[in-house]
Amino acid sequence: MSVKLTPNQVNTMSKGDPEIADYFNNLLHVITQQAQQIEKQNEQLEMQALKIDKLEKRVHELERQLGSNSSNSSKPPSSDGLRKPPVNLRKSGGKKGAPKGHPGHTLLQAEHPDHVVTLPSGETCEHCRSSLRDATFVGYEKRQVFDLPVPKLEVTELRAEQWRCSCCNRVTQASFPADVTAPVQYGKGFSAWTVYLNARHMMPLERIRELFADLTNQYLSEGTLLAFMRRMHAKLSTVESFIRERIAESPVLHADETGCRVEGKTNWLHTHSTPEWTLLNVHEKRGFKAFSEVGILLNYLGIVVHDCHSSYFKEIYRFIHALCGVHLMRECIGIIQNDHQRWAAHMLRLLLTSWNRVKEARVHGRPLEPDTIQRIERLYDTILQRGESEWHRGKVRPKTGTRGRKCKSPAANLGERFRMHKASILRFLYDARVPFDNNQAERDLRMTKVKQKVSGSFRTWEGAHQFARAHGFISTLRKQGLPVLPSLIAIFQDNFAFPQGT
């Protein structure tokens, strides 16, 4: 209960008695001070409550970031480091060995071996010790040993004939091949091996020099190796244009990007790929500007599988969207682990079950039943409807500054994404050409992270572009089952072409 007395009330109560008036005035002063102190404490408590709430949200966000890995967010596996391996979304097939239906590989005997060594059986029978002089020859049991001999440097000398004319006394000389320009030089094999080791096996030039020295006793300079890379980059220009055209013509393509260091700064390596073709480009930007310079998405009318980055949703694009389901499943796992929201667990189960149903239908060469699709769509909508009350109660990241939209919780952002892009997320249900995930693009970018681990950074933009073009070409060769080294040599000879029909 609060007591409020005014000086007039005090004077009335004291009836002119100075002592009583002083007493009440002192009492009034004490009460006023206490009231002011209580008011100040209430303000401090309110400020502390706001600060505690802000700190709780910050702690929750930091815990979320600390617990994020490639299994519950969009982080790449390379960011996991040496921590505990992430949860695998795949289920075991129940047995060891190759999957069912896999053709497998085994070592078969060669029909025409390079060397034949005959092993004599001896002069006596190993069973009765009789002489084999009059024995009947039955045949051989053959066993073959496949081995890799120590490489040997092969030197080819080109001799251009010279003839002196008996009429004019001048000398006529045969022409050397256009690529033989010096008295002594390295051949196409060295060039092909350099590009192969650098762009596919991520070996730095210094280690390639060491390898050549160990195998051939030839010490190539770094400048020579760089010249091999430049020459290959120039000759692959036409091939890269051909690959770009094939990707632009495909009904479905995969797109993704990953960070890469060039000249000490973060830039982006972009991929546009299909199961048969790989195109890689390095650019300083991640979004629209990079897409425009690559030049595929601007006029593309097919289906693009991607990870829902905002740059893909520009109004200028006319392609059809298909979102990666695995990315969404990882984010659902993050919401389950950090926010303990049930709707994310239900959505995770629905996505996984839906994909299993689609895989089973595709194995039998038939589309998913319309009733099954409708049931999945209803469950999808129901999960989001029930989850809306959950995700709005989630922790919201503290906002810095006053501009921009109000921050939402990660759960609310994910829920809104599921609601906004329903058709793109479930496109794999309706179209047999559309995969559930964007693993194709991620696999085409994965070796780049190995390159980053080995070399740390591209020292020059020239080296980054050389790597991207060569690695994209080699990736395409491997997808189509073409031999890598002979193809690289054919490129240097201007004698390469993809098989007809590809």
Problem set entry | Only listed residue being surrounded by fewer than 21 Cβ atoms within 10 Å (Cβ to Cβ), small (Gly, Ala, Ser), out of contact with any Cys (no Cβ under 7 Å at 6 or more places or on another chain) and within 21 Å of Gly463 (Cα to Cα), chosen from Gly264, Gly295 | Gly264
Problem set entry | Odd one out for Glu416 among (1) modelled with pLDDT under 90; (2) within 30 Å of Ile52 (Cα to Cα) | (1)
Exercise. Which ones in region 282-334 are part of a loop (DSSP other than H, G, I, E, B) and without any contact (Cβ under 8 Å) to a residue 12 or more places away in the chain?
Worked result: Glu315
Problem set entry | Failed item, numbered, when Val239 is tested on (1) assigned to a helix (DSSP H, G or I); (2) touching a strand residue (DSSP E or B) at 6+ places or on another chain (Cβ under 6 Å) | (2)
Problem set entry | Which listed residue is assigned to a loop (DSSP other than H, G, I, E, B), in the same structural domain as Arg469 (by TED's automatic domain parsing) and either buried (at least 16 other Cβ atoms within 10 Å of the Cβ) or touching a His at 6+ places or on another chain (Cβ under 8 Å) (or both), from Leu220, Leu225, Leu197 | Leu220
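Yes or no, residue by residue, for (1) more than 23 Å from the chain's Cα centre (by Cα); (2) assigned by TED's automatic domain parsing to the domain that holds Tyr380; (3) farther than 28 Å from His392 by Cβ; (4) buried (at least 16 other Cβ atoms within 10 Å of the Cβ):
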{"site": "Leu414", "(1), (2), (3), (4)": "no, yes, no, yes"}
{"site": "Tyr430", "(1), (2), (3), (4)": "yes, yes, yes, no"}
{"site": "Glu442", "(1), (2), (3), (4)": "no, no, yes, yes"}
{"site": "Arg446", "(1), (2), (3), (4)": "no, no, yes, no"}
{"site": "Val450", "(1), (2), (3), (4)": "no, no, yes, no"}
{"site": "Val454", "(1), (2), (3), (4)": "no, no, yes, no"}
{"site": "Phe458", "(1), (2), (3), (4)": "no, no, yes, yes"}
{"site": "Trp461", "(1), (2), (3), (4)": "no, no, yes, no"}
{"site": "Phe467", "(1), (2), (3), (4)": "no, no, yes, yes"}
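The values are calculated or read from the model by the stated rules, or taken from the named source; none is laboratory data. These numbers come from a predicted model, not from an experiment. We place every Cβ from the backbone using ideal geometry, glycine too, and count neighbours over all the protein chains shown.
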